[in-house]
1. Quick check on my filter: what residues within the stretch 22-41 are out of contact with any helix residue (DSSP H, G or I) (no Cβ under 9 Å at 6 or more places or on another chain), within 15 Å of ligand 1 (Cβ to nearest atom) and either modelled with pLDDT under 95 or of a type in the set (V, I, T) (or both)?
2. Pairs, please: C-beta under 7 Å, at least 6 apart or cross-chain, first residue in contact (Cβ under 8 Å) with a residue 60 or more places away in the chain and in the stretch 204-220, second charged (D, E, K, R) and within 16 Å of ligand 2 (Cβ to nearest atom)?
3. If I filter the stretch 190-212 for residues that are within 16 Å of ligand 2 (Cβ to nearest atom), of a type in the set (A, V, I, L, M, F, W, C) and buried (at least 21 other Cβ atoms within 10 Å of the Cβ), do I get at least one hit?
4. Looking only at residues that are in a loop (DSSP other than H, G, I, E, B) and in contact with a His (Cβ under 8 Å, 6 or more places away or on another chain) in the stretch 23-51, which one is surrounded by the most Cβ atoms within 10 Å (Cβ to Cβ)?
5. Residue pairs, Cβ under 7 Å, 6 or more apart or interchain, first in the stretch 89-111 and over 18 Å from P175 (Cβ atoms), second assigned to a strand (DSSP E or B) and at pLDDT 95 or above. List them.
6. Please determine whether any residue of the stretch 154-173 is outside any helix (DSSP H, G or I), touching a residue at least 60 places away in the same chain (Cβ under 8 Å) and within 18 Å of the chain's Cα centre (by Cα).
7. Please count how many residues of the stretch 52-75 are more than 11 Å from ligand 2 (Cβ to nearest atom) and either farther than 23 Å from P90 by Cβ or assigned to a strand (DSSP E or B) (or both).
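The values are calculated or read from the model by the stated rules, or taken from the named source; none is laboratory data. Not measured: the values here are computed from a predicted model. With ideal geometry, Cβ positions are generated from the backbone for all residues, glycine too; neighbour counts draw on all protein chains shown.
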Amino acid sequence: MSEILLRTGQLGFAYPARSTSLFGKPVMRDVIKSVDLAVPRGAVLGLVGESGSGKTTLGRLLVRLLEPTSGGIQFDGVEISHLPEAALRPLRARIQMIFQDPQSSLNPRLPLAVTLTRQLEVYGRLKGRRDRRDRAAALLDLVGLPTAFVDRYPHELSGGQRQRAGIARALALQPDFIVADEIVSGLDVSTQAHILMLLKELRTKLGLTVVFISHDLSVVRVLCDEVAILRGGEVVEHGQVGRIFSQPQHAYTRQLLAAIPLPDVEPGWLDDPPSRQHPHQQGSAA
Ligand SMILES: Nc1ncnc2c1ncn2[C@@H]1O[C@H](COP(=O)(O)OP(=O)(O)OP(=O)(O)O)[C@@H](O)[C@H]1O
Ligand SMILES: [Mg+2]
């Protein structure tokens, strides 16, 4: 078993630009350029870069929601870059993406019991109605939400609770690889901390390998083992979190570190019990 769960080689992706050439052939615009990344099994890799640097596009490539226009992606030793959907299907159960806006993955017209177990149903892993409720309840419990929420609709949840439900949905098929795209952006700071703590806990408990996309270096610092810095579709620097923060090699990384005001936190602050961090939030499922 290789230590690397996911590897990209010279990975590239281009979108058709709006204008076409003289002969009507679409002009392509490179958005991801020759990216070589290796994500160790069980690691959390932070993917950082300014808006438009290609983080979401790269994330969608890694989970094969997009097909690369050049280069390759190997997941657990299997080349998946151009695998047809039927061949991807068994791997899709192992690979999940969580988005910034859980609204997009939670159907507003369905109770959580249905949404959380939809993928289990698709993969034929449900044994009837009773099983649906039990499995949904177990998933809610896993992410720290009350099991009674099986009957709730997304609009009956707070933003933080919705993000927990989004995480629960992504975990239904027991994936081993997760791409989380800006999943705490838009939440208030204390809710962010609770979600990050949950992620940290789940990653250990379930042995997840995670690519954590964020523009917030302070968040990446406490959650991630490694960081890759993306600029204009290229990875300009990749290394252990401690090294990147203490000895950034690339001028752009130094610029990012200088530009983003880092709160004065110790790397272990997420390990503290929530009661010490946010006394007023104790025990709440933020
Ligand atoms: N569907 C699309 N068609 C054409 N171009 C696109 C499409 N999606 C993204 N792009 C372009 O690709 C580039 C990278 O976009 P991407 O969304 O990956 O960046 P990002 O780093 O995730 O940004 P943000 O931090 O704002 O989420 C941008 O220049 C964007 O305009
Ligand atoms: Mg994005």
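1. Correct list: P26, V27, M28, R29.
2. Every condition considered, the pairs that remain are I213/K55; I213/D181; I213/E182; S214/E182; H215/E50.
3. Taking every residue of the stretch 190-212 in turn, at least one turns out to be within 16 Å of ligand 2 (Cβ to nearest atom), of a type in the set (A, V, I, L, M, F, W, C) and buried (at least 21 other Cβ atoms within 10 Å of the Cβ).
4. This residue is G49.
5. Final answer for the pair search is Q100/D181.
6. Yes, the stretch 154-173 contains at least one residue that is outside any helix (DSSP H, G or I), touching a residue at least 60 places away in the same chain (Cβ under 8 Å) and within 18 Å of the chain's Cα centre (by Cα).
7. The number of residues fulfilling the criteria is 7.
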